Structures are given as structure tokens and as C-alpha cells.
Amino acid sequence: MEISRINLQIQPQKDALIQHSLYQKVQTIADLHVFLEQHIYAVWDFMSLLKALQIKLTCTSTPWMPIGNPALRYLINEIVVAEETDLAMDGSRQSHFEMYLDAMQQCGASTANITSFLDTVQRTQNIFVAIKSADLHPKVKEFLSFTFRVIEEGKAHTIAAAFTFGREDLIPSMFTEILRNFQTNFPETDLSKLIYYFERHIELDADEHGPMAMQMITELCGSDAQKWEEVAQTSAEALDKRLGLWNAIEEKIMMQLELA
């Protein structure tokens, strides 16, 4: 019942994302590169939401103790296995982030900025300092800062909300169709790894991770009205930040067009 209520509340934001004009702006390989070079930050910070949930819901230190709900331990560990060590296109094991980096390199997009950013994260040991000093669009910074603010607050149910409702599985589905058109119109550019990434992402979200994540939120909130309200608020804010990210990418594509 509460899941349905939240879905109803955030439907306008989901519709805005699904109908966003960004998709029509990705017309050339150069446009695609802009998209990938910005979207990679969302692929990366998703993994931090995931690991934050694993830390909250399972024992990740020694000596080991049977922490929390075994059903939740199973749910989050199942998702971690797939997201952190999934089957890549060549049959090897990779995280989805590493798959995305490989796909970027295959189609000629630059990974220099994200690599430099991760170096800064490791050097400073402070994600908020790294975000502030990064050469990123303000809306991309807001997107990242929101993610790590939710993690820092340390509430498992709101981290789960950002993880579940804030990452829309319909968007990759739409983007896969754009990539298929690209593969037809620009056959000299190999997009096979990128198409594989999105198709794999869709398959896991629809068949496994989506239902698991909804069950996780239900288990975490139970009958606590305050927790459900916080889940609703976090979900709405997460989608607002995603809209901001999409607006930023669209703006960068348009700026590139003006300079051409």
C-alpha cells in the first residue's frame, strides 16, 4: 500500500524523466560522448549507495556477527554480487561501473575526467571536498552531494529509497533504443559494449533487483509512518536531482553545438 502511494506521488517526476528532451538532443557521436562522460558519475555513485546498504544491513567487519534481518542480508548481498561482479560481454567478471568505462573507451568517449575525480576522492579521503573541487557542472555536483549526504545521514531506509526509487529503470530502456539507432546510423562506431551494459541493467532491474529493492524498503519501514514519510521525501528529492543531472547534460550538449 505505501509503495503504491509513493509511486503515485513521484509519478510526475518519473514522467518528466521519461519524456525529457535530452534524449532528442543526442544526435551525433560527439553528443553521445558528452552524455557518457557526465552520466558515468551516476553509474559510479550508485555503487556507493549499494555498499552503504550492505554495511547497514549485513556484517562487514570482524568478528562476524549475525546482524539484522537474514532476509535483508540475502537481498542486499544478491544485488551486490550482480552489481559488483556481473558477467561482462566477454564472459569475464566486472562491476557495472567497470563495464561502463570499457564501453566508453570502445566508442571513443573520454574517461580522463572520471579517473581524475576518483584519484581526488582517494587522495583527499573526503568525498565532499572532492566534489566541491571537481570541474563539474553545478547540477552534477548537486546530484553527487545528495547521494553522499543521504549515505552520511546513515538511515538505512532513506539510503534504500535513493537506491530504489531514485534510479529509474525506464531510462536505460529508452536509451538502449537510441543506441540501436546510433549503431545503424554510425556503423563505424562500435557500441556493442554500451548496448550490452544497458540491456543487462534492464534485465537485472526488471526481473530481480527492482522487486528485491521494493521488498527491502517494505522490510525496513514496516508500519513506521515516519520512516515511510522519509522514504517518500528522499525518493522525490532523488528524482529531482536526476532531473537536474539530465538538464546539465542537455545544457553541455547544446553548448557543444553552439561552439561547433
### Query
Which residue pairs have Cβ atoms closer than 8 Å, lie 6 or more positions apart in sequence or on different chains, and pair a first residue in the range 146-160 that is assigned to a helix (DSSP H, G or I) with a second residue that is buried (at least 21 other Cβ atoms within 10 Å of the Cβ) and of a type in the set (S, T, N, Q)?
V150/T158; V150/T234; T158/T234
### Query
Taking the condition within 23 Å of L179 (Cα to Cα), part of a helix (DSSP H, G or I) and either of a type in the set (S, T, Y) or modelled with pLDDT under 95 (or both), does Y74 pass?
no
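Could you list, in sequence order, the residues of the range 12-48 that are among the hydroxyl-bearing types (S, T, Y) and farther than 28 Å from N126 by Cβ? Lay out the reasoning, then the answer.
So in the range 12-48, the residues among the hydroxyl-bearing types (S, T, Y) come out as 21, 23, 28, 41, 48.
Of everything in the range 12-48, those that are among the hydroxyl-bearing types (S, T, Y) and farther than 28 Å from N126 by Cβ turn out to be S21, Y23, T28.
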### Query
Name the pairs whose Cβ atoms lie under 8 Å apart, with the first residue in the range 91-112 and in contact (Cβ under 8 Å) with a residue 24 or more places away in the chain and open to solvent by less than 30 Å² (accessible area, probe 1.4 Å), the second of a type in the set (D, E) and not in a helix (DSSP H, G or I), and 6 or more positions between them or separate chains?
S95/D86; H96/D86; M99/D86; C107/D190
### Residue satisfying all of: in the range 126-146; aromatic (F, W, Y) and within 15 Å of the chain's Cα centre (by Cα); farthest from A162 (Cα to Cα) among these
F143
### Flag if V81 is within 18 Å of L49 (Cα to Cα) and surrounded by 18 or more Cβ atoms within 10 Å (Cβ to Cβ)
no
#### Entry: Residue ranges of helices (runs of 4 or more DSSP H) in the range 163-260 with at least 1 members open to solvent by 40 Å² or more (accessible area, probe 1.4 Å) and under 25 Å from E37 (Cβ atoms)
170-185, 192-204, 225-259
#### Entry: Subset of the range 43-89 [in contact with a Pro (Cβ under 9 Å, 6 or more places away or on another chain) and not charged (D, E, K, R)]
C59
## Note on the structure
Condition set open to solvent by less than 40 Å² (accessible area, probe 1.4 Å) and not in a loop (DSSP other than H, G, I, E, B), scope the range 19-30, selection farthest from D224 (Cα to Cα): answer is I29
### Query
Quick check: anything in the range 200-214 touching a residue at least 12 places away in the same chain (Cβ under 8 Å), in contact with a Pro (Cβ under 9 Å, 6 or more places away or on another chain) and of a type in the set (D, E)?
yes
### Query
Among all residue pairs at least 6 apart or on different chains, which show Cβ distances below 6 Å where the first residue, located in the range 221-237, is within 21 Å of Q13 (Cβ to Cβ) and the second is not in a helix (DSSP H, G or I)?
S235/F165
### Query
Just one of the numbered conditions (1) part of a helix (DSSP H, G or I); (2) closer than 27 Å to M99 by Cβ is not true of R5; which one?
(2)
#### Entry: Filtered residues of the range 86-104 (kept if closer than 21 Å to D45 by Cβ and in a strand (DSSP E or B))
D86, Q94
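The values are calculated or read from the model by the stated rules, or taken from the named source; none is laboratory data. Just so it is clear, the model here is predicted, and its values are computed rather than measured. Glycine also receives a Cβ, built like all others from the backbone with ideal geometry; neighbour counts cover every protein chain displayed. Please note that ligands, DNA and RNA were not included when accessible areas were found on the heavy atoms of the full protein model with its side chains. Shrake-Rupley method; radii C 1.70, N 1.55, O 1.52, S 1.80 Å.
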